């Protein structure tokens, strides 16, 4: 069953989590043709995100840890990680003009002790803002949460 996840925070308000030190929101999950069901964000994730000073913000794809790149590629079922820098060239629409360009563009990278948050845009019929969260330990990363618009 295909699961869609939607966080009731926009990218702007999600980034403001770090400025305000608070996290408010719920996650809605639905299968195709089902009505959305709301789920609170996992308590351990809320606890870790509640201390914004632990995160270093970055806006360069080159600074995405290799373990997160590998976990992202695996979670999105692609062979290799590909993402443009903010302001960089990418395929933002469903009309592919240059297949060598990535379909995703980084907005912000937040790295903390044990967590990496990847805020990014995904191109297609419409551009989507996404957030992927990875737990990092012992040189490895694991995708633990992903928010994207329900279509």
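Please treat every number below as a calculation from the coordinates, not as lab data. None of these values were measured; they are calculated from a predicted model.
The figures follow:
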{"read-out": "Relative contact order (percent, whole number), segment 42-144, Cα cutoff 8 Å, 6+ residue spacing", "value": "25 percent"}
{"read-out": "Inverse mean reciprocal Cα-Cα distance (Kirkwood Rh) of segment 42-144, Å", "value": "14.2 Å"}
{"read-out": "Alpha-carbon centroid distance for the pair segment 85-151 / segment 38-84, whole angstrom", "value": "8 Å"}
{"read-out": "P(r), alpha carbons of segment 42-88 - 5 Å bins starting at zero, rounded %", "value": "4, 17, 18, 18, 23, 16, 4, 0"}
